[in-house]
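The next block holds one structure in the form of structure tokens; read it before the comments.
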Amino acid sequence: IKDGNPGLRQRQLAPGAFATIFPCVNCAADQFFDQVAVFNGAFPVPESLGDIEVLVGGTKSPLYYVGPPIPPDHPTGQINFVVPNNSALASSSLPADLEVIQVSTGRVLGATLVPMNSYAPAFFLYPQGQTGATVFVAAINQDGTVNSASNPALRGQVVSLYMTGEGYVPNAPPDGMPATTPIQSQFKPTVLLNLLDVNSQYSESEEHILYYGLNGYPGMWQINLKIPMGVATFPPSIDVLVNKVGAWDLTPDSPYHAYLYVK
């Protein structure tokens, strides 16, 4: 998962954000043991996996994966979890306690404080074609096919962007359960294409952000975006940044940008 502008500073978490825990730098490689446990696809996403629990602010988190690193670019293991949809976490500017617990013994395997924010927007990545600072977002074109260099979206059509970190969502299903109907997130995001706001800096007067909310996978935030007819497509990919007030600073010289294929 990538955000729009990580820079050199520590990123924050938010309710609903998909996140990963690695063992601490000076800890044993098997700090979280050597087991491999993966969410089996049957909802709810479990709050205990491989004899492991993760608590954020005292609330159990849904766990997707406990085991070796994926991909193997880290020398130790990892835990993939979803920050609970807890309004108290969203409303406080204080760091939250994060604990990794062995369920069978109650032993604390790791604990730290994590910085929190109301929102922490980040993109899921298209699983191929990632090279350095050019990173392509996970997106589905209007015809239901995956957006890629060989299959770009068309101007005027709708693409679905797959993200995380939308913040606390009122009336959301219980943690670990998918949304079975559209549930819009609390505040509308700003979407920039080539650093221009899609709803204020293109000539079209229509709405371009058609949906922003939960979908069928806990931890995922979906934005349905109608691509403005006036967006430049030379080269045939456009710079995408998504922001919510206070989430991060958007600057043209950001060391990291995410891209979408459009023609």
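The values are calculated or read from the model by the stated rules, or taken from the named source; none is laboratory data. Remember, predicted model here, so these are calculated numbers, not experimental data. Counting neighbours? That spans all protein chains shown, and the Cβs are built from the backbone with ideal geometry, glycine included. All accessible areas refer to the heavy atoms of the entire protein, side chains included, with ligands and DNA or RNA removed. Shrake-Rupley method; radii C 1.70, N 1.55, O 1.52, S 1.80 Å.
Summary table below
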{"item": "Area projected by the alpha carbon convex hull of the range 23-178, averaged over all directions, nm²", "result": "11.8"}
{"item": "Between the range 14-93 and the range 194-235, the Cα center-to-center distance that results, in Å", "result": "31"}
{"item": "Descending semi-axes in Å of the range 113-190, equivalent ellipsoid built from Cα gyration tensor", "result": "26, 18, 12"}
{"item": "Local electrostatic count at P44 - Lys and Arg +1, Asp and Glu -1, tallied over other residues with Cβ under 13 Å", "result": "-1"}
{"item": "Inter-site label distance for T20 and L195 at 7 Å from Cα along Cβ, in nm", "result": "3.0"}
{"item": "Efficiency of FRET from Cβ geometry, A42 and E204, R₀ 41 Å, rounded to 0.05", "result": "0.40"}
{"item": "Mean Cβ count within 10 Å, highest first, over the residues of peptides 199-205, 53-59", "result": "53-59, 199-205"}
{"item": "Rounded accessible area per residue of the range 161-220, 1.4 Å, Å²", "result": "47"}
{"item": "Label point distance in nm, K188-L94, each placed 7 Å from Cα along Cα→Cβ", "result": "3.5"}
